[in-house]
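Worksheet for the structure shown next.
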Amino acid sequence: RFSSLSWVYSCISNTNITRLAEDLRGAPLRSSYVLHLLLELRERKKKLAQNRQERKYSLKRSYYFPNQNLTIWHIHGELFDSRNIIKSTKHYHEKSIMIGYEHYSSYLKQIQDNIRGQSGTQNIEKQSLNARLNNEEKSPFWTDILFTHNIDIIGLGLDFSENHLWWLINHRANKIRKLNSNEDTKINNKIEFYYPRLNGENKKDESDSLEELIKRKNKIQKSKAIAEVLNAFEVEPMEIRCNSYQDFYKKLTNTYLLS
């Protein structure tokens, strides 16, 4: 299974290994395994890097761990990439970090062009998604995984502003609904979206201001709305009752992801 762990990606991007080591002290074996990967990535980043030619977008570039047969993509960019860059107004390490409508919109266009592909080509990277799936070709694109592998989405808020992710999820749902059509490829993978539901989050405290109450209520309603839309888009929302976000991750690693 593939897991989208936003906190892990953040630590990798910022190479904040020391703090992560403190956070994972006494944690389950799975967390220690993640820490080992992060340390290896910091020491061998250039050697592990794949498809380093991408600068602004992050469809292909990744880090491959041969001993574990594991690939990590920074789908929203990274602060320190694997290339040697002489900083200038044109080229700089943070160029891939997704900030602003222009970057999001351009990234979505890149994804859509990649999904459609070109007809009559034998180049895997230029083929359509359907051609890659039908030929069972190993793809360098992280987007293909949403159609081929079981996925656990963890620590990703999936705000509705993430239009590129919602477009992909909707596109996958449309392909699933066309199973009886000869024009499309069968999609039978499973995607689960884990999100926390804090105990007592509806409890009113005397010290709470009206603004805090409204903000908390809106956050709860938004989480419910995201879960409902995901369910309609063939993604299974998994609500986890917990006392804190730390408790949320502990329950996931100790119970749900090991079952």
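The values are calculated or read from the model by the stated rules, or taken from the named source; none is laboratory data. Here the structure is a predicted model, which is why all the values come from computation and not from measurement. Please note: Cβ atoms are built from the backbone with ideal geometry, for glycine as well, and neighbour counts cover all protein chains shown.
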Find all pairs meeting these conditions: Cβ atoms under 7 angstrom apart; at least six residues apart or on different chains; first residue within the stretch 184-203 and farther than 22 Å from Y249 by Cβ; second residue surrounded by 12 or more Cβ atoms within 10 Å (Cβ to Cβ) and modelled with pLDDT under 85. D184/K178
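Within the stretch 122-165, count every residue that is among the hydrophobic types (A, V, I, L, M, F, W, C) and farther than 30 Å from Y245 by Cα. Spell out how you get there, then give the answer.
Just the residues of the stretch 122-165 that are among the hydrophobic types (A, V, I, L, M, F, W, C), to begin with: 124, 129, 131, 133, 141-142, 145-147, 151, 153-154, 156, 158, 160, 165.
Going one step further and asking which of them are farther than 30 Å from Y245 by Cα, we end up with 124, 129, 131, 133, 141.
The qualifying residues number 5.
Can you tell me which of A173, A225 is at pLDDT 80 or above, surrounded by 14 or more Cβ atoms within 10 Å (Cβ to Cβ) and within 24 Å of Y104 (Cβ to Cβ)?
Working: A225 fails: surrounded by 14 or more Cβ atoms within 10 Å (Cβ to Cβ).
Step by step, each of A173, A225 is checked, and only A173 is at pLDDT 80 or above, surrounded by 14 or more Cβ atoms within 10 Å (Cβ to Cβ) and within 24 Å of Y104 (Cβ to Cβ).
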Quick check on my filter: what residues within the stretch 229-246 are in contact (Cβ under 8 Å) with a residue 24 or more places away in the chain, over 16 Å from G157 (Cβ atoms) and part of a helix (DSSP H, G or I)? A232
Under 7 Å between Cβ atoms, at least 6 apart or on separate chains: pull out the pairs that start in the stretch 53-79 with a residue that is on the phi > 0 side of the Ramachandran plot and end on any residue that is at pLDDT below 85 and among the polar types (S, T, N, Q). G77/S96
Right, E212: exposed (fewer than 13 other Cβ atoms within 10 Å of the Cβ), within 30 Å of Q110 (Cβ to Cβ) and at pLDDT below 80 or not? no
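Limited to the stretch 130-165, what total is found for residues that are hydrophobic (A, V, I, L, M, F, W, C), touching a residue at least 40 places away in the same chain (Cβ under 8 Å) and either closer than 21 Å to Y57 by Cα or assigned to a loop (DSSP other than H, G, I, E, B) (or both)? Outline the logic, then answer.
Here is the first cut: in the stretch 130-165, the residues hydrophobic (A, V, I, L, M, F, W, C) are 131, 133, 141-142, 145-147, 151, 153-154, 156, 158, 160, 165.
Next, only the ones that are touching a residue at least 40 places away in the same chain (Cβ under 8 Å) stay: 133, 141-142, 145-147, 151, 153-154, 156, 158, 160.
Still in the list and also either closer than 21 Å to Y57 by Cα or assigned to a loop (DSSP other than H, G, I, E, B) (or both): 141-142, 145-147, 156, 158, 160.
Adding up the residues that qualify gives 8.
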Being part of a helix (DSSP H, G or I), over 23 Å from the mean Cα position of the chain (by Cα) and among the β-branched types (V, I, T) narrows I214, I226 down to just I214
Only one residue in K60, K87 is modelled with pLDDT under 80, in a loop (DSSP other than H, G, I, E, B) and out of contact with any Gly (no Cβ under 8 Å at 6 or more places or on another chain). Which one? K87
Please determine, by comparing only the residues of the stretch 176-209 that are at pLDDT 90 or above and in a loop (DSSP other than H, G, I, E, B), which one is surrounded by the fewest Cβ atoms within 10 Å (Cβ to Cβ). K190
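For Q68, state whether it is over 20 Å from M98 (Cβ atoms), part of a loop (DSSP other than H, G, I, E, B) and not aliphatic (A, V, I, L, M).
Numbers: over 20 Å from M98 (Cβ atoms): yes; part of a loop (DSSP other than H, G, I, E, B): yes; not aliphatic (A, V, I, L, M): yes.
When the stated conditions are applied, Q68 passes them.
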